[in-house]
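Notes follow once the structure below has been shown.
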Amino acid sequence: MEKQAYELHRELEKTLKFFSKNEAMRLREHSNAIMRHAVLLNSRHMAQISVVSYVLHKLLTKEHIVRHERWKRNKVSLSDAIQSALVALERNELGEFEQSMDSFAQRLKKIDNFFSRFMQGLMEKARVKCASDAYFFGMSLSSAAELAGADRKKLQEFVGATGVHDKERSMKGIAERLKELKAAIEG
Amino acid sequence: MKSIVFDSSTLISLSSSCLFNAVGELFKASGLEAVISSGVEAESVLTPINIKRLELNAMRIRHGIESGWIRIAGLDESVNSEVTELAGKANSCFFTSLGNITLLHRGEAEALVLAEKTGAVVLAMDERTTRMIVEEPERLRKLLEKRHECRVQKNQAVSEEISKRFRGLKIVRSSEIAVLAFEKGFLSKEIGEGEKALEAALYSLKYQGCAISSEEIEEFLGMPK
């Protein structure tokens, strides 16, 4: 396997392992760790694995989904899509990997449509959450949205609802910037 | 007429709140214009206007364009290559053992170049990373190091080149524009007067994603006026 495919394979394999063992919290931690790596590498493929890990975490935390009689079948279906992506990576076929990721998203959408009461899908929410992680790791809003495939506006709203900006106080406060604004437009 | 270039982050914060028209009134009364790039127009009007969930914001911004306080500036080929060059430089400012850290999107670099080319007096940008690359690159390096838990180095020459190039450019957020609108009485029709109204406006912008801390808001509200 080439280096890039090898790294993607290693992380996706962990995702599948945690999912098969129903380790929801480890999936969440894994998603976060992968996104950090995705930012450093600016790797959209790595970000996709982060999104998949997060969405599987969310699924496992939804009682009405995992306790449903359909769950066993749904879990196999999602695992099969991940398995196909792993096979594609073993063959260094990034195009096929993407197709398998699309197939995963389609399968998830069917599950989501069956169970969800919300207009915004699980995948879309996961993309926004993972993009907010990318923003936390230093990327600009637009870069983070692009990396995780999230909607730019939804990301900005989501980031606003988190405490990230409370941890990053700007060097110049409102008063100083206001003074500069007034001087620029009135001067 | 003096102009302020708006990045999409500021446009989103303001148009998502009820302050947008009041800011429009402020601009008209003060002889100001908001300038956006065609890329920002595409991102904030042309694409979302066809998506039901995002249509209202897009309509608000389109109304701002139609009523004349927002102007769209197209970028020609030579400027486009400058944007590409700036984005490339900004994305080589910081690096780890794995290589350069890509931080900036083309759209954010476009806002900086547009501000430079149009001779704008101010750049309005709610997004924090671009602002920090220009204003406080060393703090951004430390932030990256802390968040990634690894050594992050700065390409000093490139970083200084960017800071020097945009040194004269004043960067504000939607929060400062809202305070100005408040002080000049343009928010009273929407949210009334008094400190509580200002507090509500600032927190609304914060929750729309403007990069401002609660501490900054509280500190500003507590200042003698």
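Miscellaneous remarks
- Cα-based Rg and Dmax for segment B:62-165, where Dmax is the largest Cα-Cα distance (Å): 15.5, 51
- Debye, to nearest 20: dipole size of segment A:3-186, +1 on Lys, Arg Cβ, -1 on Asp, Glu Cβ: 580
- Treating r as the C-beta distance of B:Ala200 and A:Ser77 and R0 as 45 Å, the FRET efficiency rounds to 0.40.
- Inter-chain shielding of B:200-207 (mean C-beta neighbours from other protein chains, 10 Å cut-off): 2
- Pairwise label distance in nanometres, A:Glu29 with B:Glu183, each label 7 Å out on the Cα-Cβ vector: 5.0
- Using all pairs of distinct alpha-carbon atoms, the Kirkwood hydrodynamic radius of segment A:3-186 works out to 17.5 angstrom.
- In this structure, the amide hydrogen of B:Phe94, modeled 1.01 Å from its nitrogen in the peptide plane, lies closer than 5 angstrom to those of B:Ile101, B:Asn155, counting only residues at least 5 positions away or on a different chain.
- Convex hull projection area averaged over all views, segment B:126-191, Cα basis, nm²: 6.1
- Residue-wise HN-Hα coupling along segment A:40-48, computed from phi with Karplus coefficients 6.51, -1.76, 1.60 (Hz; x: Gly, Pro): 5, 9, 6, 9, 5, 5, 5, 5, 4
- Percent antiparallel among DSSP beta bridges (both partners in chain B, rounded to 5): 20
- Here the residues B:Asp76, A:Asp133, ranked from fewest to most Cβ neighbours within 10 Å of their Cβ, fall in the order B:Asp76, A:Asp133.
- The alpha carbon convex hull volume per residue for the protein assembly as shown rounds to 150 Å³.
- Gap separating the Cα centres of segment B:75-116 and segment A:49-67, nearest whole Å: 36
- Cross-link partners of B:Lys2 among lysines (Cα-Cα below 16 Å; sequence separation of 8 or more within a chain): A:Lys182, B:Lys28, B:Lys117, B:Lys170
- Sites A:Phe114 and B:Asn50, calculated FRET efficiency, Cβ-Cβ separation with R0 45 Å, nearest 0.05: 0.95
- Evaluated on chain B, the Kirkwood hydrodynamic radius is 18.4 Å, with distances taken between all distinct Cα atoms.
- Helix-only CD estimate at 222 nm, as mean residue ellipticity for the protein assembly as shown, using -39500 (n - 2.57) per DSSP H run (n ≥ 4): -20500 deg cm²/dmol
- Length added when fully stretched, B:Ser92-B:Lys2, from 0.36 nm per residue minus Cα-Cα: 29.1 nm
- Couplings for segment A:69-86, taken from phi via the Karplus curve 6.51 cos²θ - 1.76 cosθ + 1.60 with θ = phi - 60°, read 4, 7, 4, 4, 5, 5, 5, 5, 4, 5, 5, 4, 5, 5, 4, 5, 5, 5 Hz in order; Gly and Pro are left as x.
- If you take the Cα centroid of segment A:110-150 and the Cα centroid of segment B:141-173, the two points sit 27 Å apart.
- 22 Å Cα-Cα threshold exceeded, pairs from A:Lys153/B:Lys52; A:Lys58/A:Lys109; A:Lys62/A:Lys109; B:Lys164/B:Lys206; B:Lys154/B:Lys206: B:Lys164/B:Lys206; B:Lys154/B:Lys206
- Per residue of peptide B:210-221, the mean number of Cβ atoms on other chains within 10 Å of the residue Cβ is 5.
No lab work stands behind these numbers, since they all come straight from the coordinates. Nothing here was measured: the structure is a model prediction, and the numbers come from that model. FYI the Cβ positions are ideal-geometry reconstructions off the backbone, even for glycines, and counts take in every protein chain you see.
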